[in-house]
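As C-alpha cells, the structure follows; a few thoughts come after it.
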C-alpha cells in the first residue's frame, strides 16, 4: 500500500506543476483567479459588518450623488472611462467615515451602477476589472481615516491598477501599431485616472471629513 502511495505522489506533483505552468501561459486565467480571490476576501469582510438603517440611507445618498456627478462628466473616453466632477468623492467619504468594510460595499454598488450608466464590455472578466473591483478599491481609503488625502490617493491608485490590468489584457489590441499594450494602457488609463484623481483628492482635502465623522459617530451609533 505504501509502495503505491509513493509512486502516485510524484505523479500528482508533476500534474499540479504542469497545470500551474499551463495557467501561467494564459493571463486571463491569472487575473480571473486574482479577481475571484479579491471578491471572496472582500465579501468575507463585508459579511461581518453591521449596517443600520441610517448607514443604509447614507450609502444610498452617496451612490445617488456619485451617479449624478458621473452623468455630468467633463470628458468621456471612447473605450470607457471618464473625467467627472468628483464622482468618486461620495464613495471616498463613506469609506473615510465608516471604515473600509462599508467603503468596499458602497464601492461594489457604485461599480454596478457605473456598469449600467456607462457599459463597455468585451469579456466577463474585463467587466469585473473595470467596474466592481476598481470601485471596491475605493474602500481602501477607510484604512486612513486620520490621513484623508493619503487615503484618497491610495484608493484612487488602487482603482487605477485594476483599470491598468484590464487595459493591458483586454484592450491591448486597441494600441496603435508599434505601441506596447502596457504603454497604451498606462497612457489611456493614466490620463483619465490622473485627471479625475486630482479633482477628487483636491475636493477631499477641502472637505471637513473629521468633523463629518465626529457628527456621524454622535448621530448614527447611538
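Taken together, the values in this text are just the output of simple stated rules run on the coordinates, not laboratory data. Computed from a prediction, not measured in an experiment: that's the story for all the values here. Using ideal geometry, Cβ is built from the backbone for each residue, glycine included, and neighbour counts are taken over all protein chains shown.
Just order 84-93, 36-45, 174-183 by mean Cβ neighbour count inside 10 Å, highest at the front, would you?
84-93, 36-45, 174-183
Rank by packing, highest mean first: peptides 146-157, 161-172, with packing defined as the count of other Cβ atoms within 10 Å averaged across residues.
Top to bottom by mean Cβ count within 10 Å: 161-172, 146-157.
For the pair residue 49 and residue 191, how long in nm is the line joining their label points, each one 7 Å along Cα→Cβ?
3.4
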